[in-house]
1. Going from most exposed to least, what order do LEU300, LEU144, LEU79 have by accessible area with a 1.4 Å probe?
2. Could you tally the net charge around GLY145, taking each other residue with its Cβ under 12 Å from the Cβ of GLY145, Lys/Arg +1 and Asp/Glu -1?
3. What translational D, rounded to a whole number of µm²/s, comes out for segment 233-325 from Stokes-Einstein when the hydrodynamic radius is the Kirkwood one over Cα pairs, at 25 °C and 0.890 mPa s?
4. Heavy atoms only, probe 1.4 angstrom, no DNA, RNA or ligands counted: give me GLU46, GLU284 ranked by accessible area, highest first.
5. I'd like the distance between the alpha-carbon centres of segment 322-345 and segment 257-272, rounded to an integer number of Å.
6. How many nm separate the modelled label positions at GLU174 and ASN330, each set 7 Å beyond the Cα in the direction of the Cβ?
7. Positive end of the charge dipole of the chain (Lys, Arg +1 and Asp, Glu -1 on Cβ, about the Cα centre): tell me which of VAL343, LEU96, ALA324 has its Cα farthest that way.
8. Label segment 80-148 by shape, choosing from rounded, prolate and oblate, from the square roots a ≥ b ≥ c of the eigenvalues of the Cα gyration tensor; if a/c is under 1.5 it is rounded, and otherwise prolate applies when a/b is larger than b/c, oblate when it is not.
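The values are calculated or read from the model by the stated rules, or taken from the named source; none is laboratory data. Since the structure is predicted, the reported quantities are computational estimates derived from the model, not experimental observations. Cβ sites come from the backbone with ideal geometry, for glycine too, and all protein chains shown count toward neighbours. These accessible areas exclude ligands, DNA and RNA; they are computed on the full protein's heavy atoms, side chains included. Shrake-Rupley method; radii C 1.70, N 1.55, O 1.52, S 1.80 Å.
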Amino acid sequence: MATKASKVVKENKKQVPRSGALDIQKLPDELYLEMFRRMVLIRKFEETVYDVYSRGTMPGLAHLYTGEEAVAVGVCLTLNVEDTITSTHRGHGHLLAKGGDPRRMFAELLGKETGYNKGKGGSMHIVDMSLGILGANGIVAGGLGIATGAGLSAKVQGAKRVSVAFIGDGALNEGLFYEVANMASLWKLPVVYVMENNHYGEYTSTDRSTVGSGPARAEAMGIPAKKVDGNDVLAVYQAADWAVKRARAGEGPSFIECITYRWRGHHMGDQGDTYGYRTQAEIEGWMKRCPIVRHRNYLLKNEIASADAVEKLESNIQKQIDEAVEFAKNSAYTDQGEIYTDVYA
Ligand SMILES: Cc1ncc(C[n+]2csc(CCOP(=O)(O)OP(=O)(O)O)c2C)c(N)n1
Ligand SMILES: [Mg+2]
């Protein structure tokens, strides 16, 4: 695979359009492979969290991103390292897609000193400034203010940085959205709002909580918007490429609604039909629309990778995750004397 892929990468690179609409069928093969690799990394990370948590060996709480991988990956692969993202309570996928270290993430989840916050923050407070990850966030819509501020800072500094805010459909009904959308549009800030419409905020369907749509609300603020299939990594990449190019060219913010679905419960305490808000048939219907299977089929159909090569890639990523768990398990707990260090008061 490596030989064929790298050969085609070189050939395809010449064909990538430098400006204007992106031809999504003509990306370098290496990029299609990277989309697959990162989605599998997120899936295996999340399913391992599920496993470790279910055995009672993980403290705290986790909100899993399983099923939504194409959104984080499609968006983050259009970004440079210095571009920034803000994430949500369901943040593992965004962090991994932007290059977050699975070892330090797992250590953080297990409360160990090698974790991103020495194990004191947990799932919803992971930050990596060196990668432009401005933080997961336990406050619904909280990332919106930070991301818009990061966009303002880029503009004031004359930097070419783009700022992305990942939000859930639930954040659309928070007042902060209207304040920042107005400001970003008025000042033409380089911000991209990415709404993950997974049809539920906790246990309430969007049908019961939300009128109109995200794109219509953004457009009312003068922000151009697109709605895409969030389980199609290529569609997400294409829309993100459009929005990021607009931001870099000084044309201001954009809004992208990604239609997707979370396979697992709202958090680890929401198993199966605990709260009876969705049916097994609905969940299984969405599992048939798996973003990873879809992209695997694309790789095979277009002879970007062989079935063997894809399998090898998956098993290598599983090894990487297993190694991350071992690293976390073997790390020490933070010394109790550290309890007040790095804490803002
Ligand atoms: C300001 C605020 N209100 C309420 C909550 C409790 N809460 C946590 S997650 C959540 C649902 C968020 O739904 P959505 O934005 O659609 O994200 P999803 O969980 O579907 O990814 C709520 C209401 C919170 N964390 N912050
Ligand atoms: Mg939601």
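1. LEU300, LEU79, LEU144
2. -2
3. In µm²/s, the coefficient rounds to 145.
4. Per-residue accessible area, sorted high to low, gives GLU284, GLU46.
5. A separation of 28 Å, based on Cα centres.
6. Going by the 7 Å Cα→Cβ label model, 3.9 nm.
7. Of VAL343, LEU96, ALA324, it is LEU96.
8. Oblate is the answer for segment 80-148, as a/c is 1.5 or above yet b/c matches or exceeds a/b.
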